[in-house]
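Take a look at the structure below.
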Amino acid sequence: MKRKLLSLILVLIMLTSTVLFVGCGPKSTETSGQNVNTETLTSALEATTEAEKTTAAPKFTEINLMMIGDMLIHEGVYKSGLQADGSYNFDHLFKNVLGDVAAADISIVNQETILGGVELGLSGYPCFNSPYELGDSIANAGFNVVLQATNHTIDKGLTGVENCLNFWATKHPLITVLGINETQEHYNDIYVYQKNGFKIAILNYTYGTNGIALPSSKPYIVNMLDKDKITADVTKAKTMADLVVVCPHWGTEYVYTPSSDQKYWTQLFLSLGVDLVLGSHPHVIEPVETLERSDGHKMLVYYSLGNFVSNQDASPRMLGGMAKVTFRKDDTGSYIKDYSIEPLVTQKLFGTSLITTYKLNQYTDALASQNAIKRDADGADFSLEFCKNLCRQVLGPLYKEN
């Protein structure tokens, strides 16, 4: 636009000079020169200004969020990271989603198991304990928010949670850990992500801890799904942020549809004005839907993202989802602009300890035929087409096939 204005001014200067030069002859008049210099130039400037106003880019800020589902670290999973020197490395788990993590402003992982370290003894089902090196690989992959409120949070008691909190705080202090708390003050805190003045609050809760009582000395150690707690947190979050995200660990394992319990909490979230719900725990994918309040407020719900990685023994549990949501803040307000879900597949190779996760759109029949899930009684039906059919069944039109 500035280049056009400069060109126009140069042309007008040339015209003015020509008129003045011609004005020296017998047919020239002073008036013609004045008309070119004032009225024409003023009109051109006004037109340019209006054009600049018309073409000015709209002002808005966008925040991109992504989340993967359950990191369910069975013995077979943590053994897949064992190195020759006895240490662990789990970078292989995330190699196929690194680009998605890097592209997001907020990248969330649901860390189903506690990182209590080898000093507490590594273990799988039913009482899990995972190595610290898993956290290192989560950090290496680029995740910046870790959810730790799950039914396995206190599998190793208070010591396990304290070890986990200490690991994150000392080794990766820039990563936000939600759902477990060192102090009462931390329990009352609200995490808010901010970008160019656009603020997103994120909250994390679990339905329970597998019957293990919370330590009486620190009852605040884990965020529980509690109506009073949630109401207080969301109410506070809405005064601090433009939008509120809740990540509940809830539902019924291995069921593709929301339970009555999930529906109860969903209605509470909606009534409080939550904008996005990202669910975990069932270990299978569940539907995604938008709910609307009577006053027009809308809330997007991902009921379950399934497993990101596990060593479970049934075909449906090999399929998970990666949520992707774009938030926008502009002159009209703050809202969810776009959303999608990317299906994922856990790959366990026959005769090896290798476990990793692929995007379904990169998965092949050849890879499916090599997946060790096929050796299990409940995995004999596993195939690429099985995964696609399950996505069609559960996700409907939201599943975008190649």
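The values are calculated or read from the model by the stated rules, or taken from the named source; none is laboratory data. All values derive from a computational prediction rather than experimental measurement. A quick note on method: Cβ atoms are made from the backbone with ideal geometry, for glycine too, and the neighbour counts reach across all protein chains shown.
One residue is enough: does the range 361-373 have a residue meeting the conditions in a loop (DSSP other than H, G, I, E, B) and not hydroxyl-bearing (Ser, Thr, Tyr)? No: zero hits. Looking only at residues of the range 133-187 that are touching a His at 6+ places or on another chain (Cβ under 7 Å) and surrounded by 22 or more Cβ atoms within 10 Å (Cβ to Cβ), we find that the one that is nearest to Val77 (Cα to Cα) is Gly135. The single residue among Lys229, Lys218 that is touching a helix residue (DSSP H, G or I) at 6+ places or on another chain (Cβ under 8 Å), surrounded by fewer than 23 Cβ atoms within 10 Å (Cβ to Cβ), farther than 19 Å from Ser334 by Cα and not polar (S, T, N, Q) turns out to be Lys218. Number of residues in the range 338-359 that are assigned to a strand (DSSP E or B), among the hydroxyl-bearing types (Ser, Thr, Tyr) and in contact (Cβ under 8 Å) with a residue 40 or more places away in the chain equals 5. Taking each residue of the range 150-170 that is over 14 Å from Ser217 (Cα atoms) and looking for partners that are part of a helix (DSSP H, G or I) and at pLDDT below 95 with beta-carbon atoms closer than 7 Å, six or more apart or interchain, yields nothing. Out of the range 72-107, which residues are in contact with a helix residue (DSSP H, G or I) (Cβ under 7 Å, 6 or more places away or on another chain), buried (at least 19 other Cβ atoms within 10 Å of the Cβ) and either outside any loop (DSSP other than H, G, I, E, B) or among the aliphatic types (A, V, I, L, M) (or both)? Selection gives Ile73, Tyr88, Leu93, Phe94, Val101, Ser107.
Within the range 182-221, being in contact with an Asp or Glu (Cβ under 8 Å, 6 or more places away or on another chain), assigned to a loop (DSSP other than H, G, I, E, B) and closer than 30 Å to Glu62 by Cα holds for one residue alone: Ile190. Only one entry of Leu278, Leu291, Leu270, Leu300 meets the criterion of being in contact with a Cys (Cβ under 8 Å, 6 or more places away or on another chain), on the phi < 0 side of the Ramachandran plot and either assigned by TED's automatic domain parsing to the domain that holds Pro343 or at pLDDT 95 or above (or both), and that entry is Leu278. When the residues of the range 141-181 are filtered to those that are more than 18 Å from the chain's Cα centre (by Cα) and either charged (D, E, K, R) or assigned to a strand (DSSP E or B) (or both), the one that is nearest to Gly69 (Cα to Cα) is Ile180. Of the candidates Lys329, Lys324, Lys337, the single residue that is within 15 Å of Ile68 (Cβ to Cβ), in contact with a strand residue (DSSP E or B) (Cβ under 8 Å, 6 or more places away or on another chain) and among the charged types (D, E, K, R) is Lys324.
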